[in-house]
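What follows is a set of notes on a single structure, which appears directly below.
The values are calculated or read from the model by the stated rules, or taken from the named source; none is laboratory data. All values derive from a computational prediction rather than experimental measurement. Note: ideal-geometry Cβ built from the backbone for every residue, glycine included; neighbour counts use all protein chains shown.
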Amino acid sequence: MRTVLALVASAAVAVAIGFETTQLNLFSRTDRPAMLAVLAAAWLLFALAFLALRKVPARHVTSVVVAGAVLIGGAAMLAPPNTSTDSARYAWDGIVATAGISPYDHVPASDALEDLRPDWLFPADCDATRLSETTTVPSGEPLCTAINRPHVPTIYPPLAELYFTGVRALVDPSVEYWPFQLGGLVISLGVTWMLLVALRRRGMDPRWAALWAWCPLVATEAVTNSHVDALGVALALAASLLVASGRRVWGGIALGAAIATKLIPVILAPPLLKKRPLTLITVSVATFALLYVPYVVMSGFGVLGYLPGYLSEEGYDDGSRFALLSIVLPGSASIVVAAALIAVATGLAWWKSDASAPWLAQLALVGSILIIVSPRYPWYALLMIPFIVLSQRWEWFAVPLALSWRMTMPTLAVTRIGLAVAAVIVIGAWLYRRRRARAVASGAPQASPPATPPAVPA
């Protein structure tokens, strides 16, 4: 009955995700309040399901975690993307590459690629909510497209482009969104497997893997919206596990591949440099460079794509994106302070990291940087979740929750409130844990800690 209860609880998360996926659409402003409510319900059910998992006998835990992951991931595949159009760009890049053309050479609206345009990405009717009207280049003819920023080159690094090409090479150009959703589900299940294995090998409770496997953010952004960040997360996790076990060469290869997928995983590197840093740096840089070589040969400096323009568009060139810092610091001053804070956080993460278990330092570094730079997109927080699992610091979920709240209510005030509350929760939990540790060291009586899965160290 305890096992059935946990399965029912995970199925309830799947129902909430399925409803959100099929019935709600962030592209429609009228759906935003309902989406906020449904996602809040999904997160609450997620927490309850994790608590129910505590009662499951140890021999059934792995099966229950995997079954719940499949249920929730399957529900996330029931409809097309509903919070982002990024996977439309992935599909287009893959279609272009399978035609033997570098995706860095032409913008989607280019007349040179007219013969490659499938109807579902470039429909004649532009009434649907996920579509936008633009013009072709250079002819200036009207064009309807599902691709965001159709007048700029792709921003994605080479391993992401290889992934896009591999997925789209398996299907006809007329096939729409589900191939990348299936890819996201497979990657998500792969991360679940890595976490289950790592937890068991380190003598930790495998129940913690459900924090990734059943997480609503993973379901909606790794599967429904198919963000390639999930591939970067999988490679970054593999790199951390390999380095922690002493396999620094293989870890360097995985780290270089992770960075060549989305760039952002580079912020996980400093805590991995505690021992033999030169080996890890050399191998990861070499891997990153080798993956770029074919595209540099074809496109030259065009491989930079839209990255410089993206940073400017997001407000990082004038300091306006730093939501908390911009409260008290004008313009460029916030850039300087943000850079200084990130440098301090990086130094502390390196200094305090444990070479055999760097997860907590990595989690603190990624979470701190996300609070400082306050991105618009919650899927950037996918990078945190495996390290929440391995470090067992559930309070850091406050950061992805804050970014998810901001997505459904995209105002500066909401961003500031959400990130400020997240920072308070994280700092408060750190102070509480520190106080408990001191009480244990001194032998003083202490309050009972919050309930956690059995056999998990506090």
Subset of region 259-289 (residues that are touching a residue at least 40 places away in the same chain (Cβ under 8 Å) and aliphatic (A, V, I, L, M)): Ile259, Ala260, Leu263, Ile264, Ile267, Leu268, Leu272, Leu273
Suppose the filter is part of a loop (DSSP other than H, G, I, E, B), among the aromatic types (Phe, Trp, Tyr) and not assigned by TED's automatic domain parsing to the domain that holds Leu7; does Tyr90 pass it? no
Restricting region 385-397 to residues that are closer than 20 Å to Pro265 by Cα and of a type in the set (A, V, I, L, M, F, W, C), the residue that is surrounded by the most Cβ atoms within 10 Å (Cβ to Cβ): Val389
Could you tell me which of the residues Ser404, Ser442 is out of contact with any Cys (no Cβ under 6 Å at 6 or more places or on another chain), more than 23 Å from Ala198 (Cβ to Cβ) and crowded, with 17+ Cβ neighbours inside 10 Å? Ser404
Among the residues of region 13-20, is there at least one that is closer than 20 Å to Thr129 by Cβ and free of Cβ contacts under 8 Å to residues at least 60 places away in the same chain? yes
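Please determine, by comparing only the residues of region 294-306 that are closer than 14 Å to Ala160 by Cα and assigned to a helix (DSSP H, G or I), which one is modelled with the lowest pLDDT.
Among them, the one singled out is Leu304.
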Right, Pro375: in contact (Cβ under 8 Å) with a residue 40 or more places away in the chain, assigned to a loop (DSSP other than H, G, I, E, B), surrounded by fewer than 24 Cβ atoms within 10 Å (Cβ to Cβ) and not charged (D, E, K, R) or not? yes
Residue count for region 120-130, restricted to those that are surrounded by 13 or more Cβ atoms within 10 Å (Cβ to Cβ) and not aromatic (Phe, Trp, Tyr): 4
Quick one: in region 93-119, of everything that is of a type in the set (A, V, I, L, M) and assigned to a loop (DSSP other than H, G, I, E, B), which residue is nearest to Pro138 (Cα to Cα)? Ala109
Would you pick out the residues in region 171-221 that are within 21 Å of Phe387 (Cβ to Cβ), in a helix (DSSP H, G or I) and of a type in the set (Phe, Trp, Tyr)? Trp193, Trp208, Trp212
Filtered residues of region 136-170 (kept if of a type in the set (A, V, I, L, M, F, W, C) and either in a helix (DSSP H, G or I) or under 19 Å from the mean Cα position of the chain (by Cα) (or both)): Ile155, Leu159, Ala160, Leu162, Phe164, Val167, Ala169
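What residue, among those in region 320-340 that are under 17 Å from Thr415 (Cβ atoms) and of a type in the set (A, V, I, L, M), is surrounded by the most Cβ atoms within 10 Å (Cβ to Cβ)?
Ala323
Could you check, for region 194-203, whether at least one of its residues is of a type in the set (D, E, K, R) and surrounded by 17 or more Cβ atoms within 10 Å (Cβ to Cβ)? Steps first, please.
Of all residues in region 194-203, those of a type in the set (D, E, K, R) come to 200-202.
In the following step, the residues that additionally are surrounded by 17 or more Cβ atoms within 10 Å (Cβ to Cβ) were identified as none.
No, that holds for no residue.
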Any hit, region 131-153, residues being surrounded by fewer than 15 Cβ atoms within 10 Å (Cβ to Cβ) and among the β-branched types (Val, Ile, Thr): yes
Tally up the residues in region 321-345 that are over 20 Å from the mean Cα position of the chain (by Cα), at pLDDT 95 or above and of a type outside the set (Gly, Ala, Ser), please. 2
Give the residues of region 218-246 that are more than 30 Å from Gln23 (Cα to Cα) and among the hydrophobic types (A, V, I, L, M, F, W, C), sorted by residue number. Leu235, Ala236, Leu237, Ala238, Ala239, Leu241, Leu242, Val243, Ala244
